[in-house]
Amino acid sequence: MGNADMCRSQLTLLIPRSVIEQTVERLAAQITEDYRDRQLVAVGILKGAFIFMADLVRRLSIPLEVDFITVSSYGSSTESSRIITLRQDLTTDIRGKHVLVIEDIVDSGHTVRYVLEHLAAAGAASVRLCALADKPSRREASVRLDYLGFTVPDRFVVGYGLDFDNKFRYLPDIYALESDASHS
């Protein structure tokens, strides 16, 4: 058995791609309705949100600008370091514009709270949050999720952009990574 097969055997399917697709469609309909008459800038938090964001913005039927911000707090651990580092800021001027932050998962809340506060300080007319997944059992920092795909259990999840040490992003479904895989 190769490395890829060993890794897959340590994954438990949580959310199949068909359910993810339906959820992205639901979120896109809500966002389209809410931003129909506003100038929207969709801001993806890299790297995790890129797959979710690509699928989501393709389903929106409103004009929008797209930009990305890169922050980090994990390194190669399954636990947040709680130290947020801004690695790449926006290239778009968001002053007076409505910003929708798109995130893969809200876990402790520290990273996304940092991003929301950073964008509000940059002069956005409004800043709202759309997350594919929420893990409220791990929350340490209070954040409001305006649009939410799934609530997930207190397990380390991978796939559909979610990663462990930059691995497993490519998987089209969302899996729980079993503890022996995440500590090897």
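Cβ neighbours within 10 Å, averaged per peptide: list 26-32, 11-17 in order, most packed at the top. Walk me through the intermediate numbers first.
Numbers: 26-32: 17.3, 11-17: 14.7.
In decreasing order of mean packing, 26-32, 11-17 become 26-32, 11-17.
Considering amide H positions built from the backbone, and no H for Pro or chain starts, which residues 5 or more places from ILE94, or on another chain, come under 5 Å of its amide H?
Result for ILE94 returns nothing.
Just ASP37, ASP89, ASP154 to compare: in a GNM of the chain, with alpha carbon springs under 10 Å, which one fluctuates most?
ASP37
For segment 57-151, give me the percentage of DSSP beta bridges that are antiparallel, rounded to the nearest 5 percent. Please report the intermediate quantities before stating the final value.
On the way: 3 of 15 bridges.
In segment 57-151, DSSP labels about 20 percent of beta bridges as antiparallel.
Below 9 angstrom from the Cβ of ALA124, what's the summed charge of the other residues (Lys, Arg +1; Asp, Glu -1)?
Working: positive: ARG95, LYS97; negative: none.
The answer is +2.
So who's got an amide H within less than 5 Å of the one on THR151, skipping anything under 5 residues away but keeping other chains? H placed 1.01 Å off N, in plane.
Those qualifying (amide H under 5 Å, at least 5 residues apart or on another chain) are ASP134.
Pairing the Cα long axis of helix 17-34 with the longest principal axis of the chain, what angle in degrees results, from 0 to 90 and rounded to the nearest 10?
Helix 17-34 sits roughly 10 degrees off the main axis of the chain.
So, with a 1.4 angstrom probe, what is the percent of accessible area on the chain that is carbon and sulfur? Walk me through the numbers before you get to the answer.
On the way: 4380 of 9010 Å².
On the chain, the fraction of accessible area on carbon and sulfur atoms equals 49 percent.
Give me the tail of P(r) for the chain as a percent: Cα-Cα pairs with distance above 25 Å. Walk me through the numbers on the way to the answer.
Values: 5409 of 16836 pairs.
Every Cα pair in the chain considered, those over 25 Å come to 32 percent.
Counting only helical runs of four or more DSSP H residues, what would the 222 nm mean residue ellipticity of the chain come to if each run contributes -39,500 (n - 2.57) and the total is spread over all its residues? Don't skip to the answer; put the middle values down first.
Working: 5 runs with 51 residues, N = 184.
After summing the helix terms and dividing by the residues of the chain, the value is -8000 deg cm²/dmol.
Using a Cα-Cα cut-off of under 19 Å, which lysines could be cross-linked to LYS47, ignoring same-chain neighbours fewer than 8 residues away?
LYS135, LYS167
Long-range amide H contacts for LEU129: which residues qualify at under 5 Å (H placed 1.01 Å from N, peptide plane, sequence gap of 5 or more or a different chain)?
VAL101, ASP146, TYR147
Using only Cα atoms and rounding to the nearest 10 degrees, what angle (0 to 90) does helix 50-59 make with the longest principal axis of the chain?
Helix 50-59 sits at roughly 50 degrees to that axis.
How do 53-59, 64-70 rank on mean C-beta neighbours within 10 Å, highest first?
On the way: 53-59: 17.7, 64-70: 16.1.
In decreasing order of mean packing, 53-59, 64-70 become 53-59, 64-70.
The values are calculated or read from the model by the stated rules, or taken from the named source; none is laboratory data. Please read all numbers here as calculations on a predicted model, not as lab measurements. Cβ: placed from backbone, ideal geometry, glycine included. Neighbour counts: every protein chain shown. SASA here: full protein model, heavy atoms, side chains in, ligands and nucleic acids out. Shrake-Rupley method; radii C 1.70, N 1.55, O 1.52, S 1.80 Å.
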